[in-house]
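Trainee: Below are the structure tokens for one structure; questions will follow.
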Amino acid sequence: RADYVRDHVLRLSFNNGATKLVDFWPLAQKGICTKLQDLDYFRDFSLDPFTVDWSNEIGFAPEYLYEIGVAA
């Protein structure tokens, strides 16, 4: 599960039962990920079978998101 919280932060629920807040702003500073700086684009995410996805262009390994997230 993924829910928009504010700014560039999503609340992500993982299959181990943990819920974490992930701030994508630091990730939105390089390469194709700069598209995430646009809040309209950022809020238009979806979930594929494995992770959060933006228009089949940007996605992050769930293990990485779990690692950088903070407990919600």
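The values are calculated or read from the model by the stated rules, or taken from the named source; none is laboratory data. In this text the structure is predicted, and so the values were computed from the model without any measurement. Glycine gets a Cβ as well: all are built from the backbone with ideal geometry, and neighbour counts include every protein chain shown. All accessible areas refer to the heavy atoms of the entire protein, side chains included, with ligands and DNA or RNA removed. Shrake-Rupley method; radii C 1.70, N 1.55, O 1.52, S 1.80 Å.
Trainee: Any idea what the relative contact order of the chain is, in percent, if you count C-alpha pairs under 8 Å spaced at least 6 apart?
Mentor: RCO, the chain: 28 percent.
Trainee: Calculate for the chain the 222 nm mean residue ellipticity that helices alone would give, adding -39,500 (n - 2.57) per DSSP H run of length 4 or more and normalising by residue count, nearest 500 deg cm²/dmol.
Mentor: -4000 deg cm²/dmol
Trainee: Remind me, what semi-axes does region 1-43 give for its equivalent ellipsoid, largest first in whole Å, using sqrt of 5 times each Cα gyration tensor eigenvalue?
Mentor: The three semi-axes for region 1-43 are 21, 11, 8 Å.
Trainee: If you don't mind, there's one more thing I want to ask. Please build a GNM for the chain, connecting alpha carbons under 10 Å apart, and tell me which residue among SER13, SER55, SER46 fluctuates the most.
Mentor: The residue that fluctuates most here is SER55.
Trainee: If you stretched the chain out fully between ARG11 and LEU39, how much longer would it get, using 0.36 nm times the residue separation minus the C-alpha to C-alpha distance?
Mentor: Value of the extension gain: 8.5 nm.
Trainee: For the chain, which whole-number percentage of the solvent-accessible area (1.4 Å probe, protein heavy atoms only) is attributable to carbon and sulfur atoms?
Mentor: 50 percent
Trainee: Test of understanding: express the Cα radius of gyration of the chain as a ratio to 2.2 N^0.38 Å, with N the residue count.
Mentor: Working it through for the chain, the quotient is 1.00.
Trainee: Would you mind getting me the FRET efficiency between TRP25 and ALA71? Use the beta-carbon distance for r and R0 = 25 Å, nearest 0.05.
Mentor: Efficiency at R0 = 25 Å is approximately 0.85.
Trainee: Let me ask something else. Would you be so kind as to identify which of HIS8, ALA61, ALA28 lies farthest towards the positive end of the dipole of the chain, taking Lys and Arg as +1 and Asp and Glu as -1 on Cβ and the Cα centre as origin?
Mentor: Of the options given, the answer is HIS8.
Trainee: Kindly report the accessible area of the chain per residue (heavy atoms of protein chains, probe 1.4 Å, no ligands, DNA or RNA), in Å².
Mentor: Dividing the accessible area of the chain by its residue count gives 63 Å².
Trainee: So what does ARG6 come to for accessible area, using a 1.4 Å probe and Å² rounded to 10?
Mentor: Rounded to the nearest 10, that gives 120 Å².
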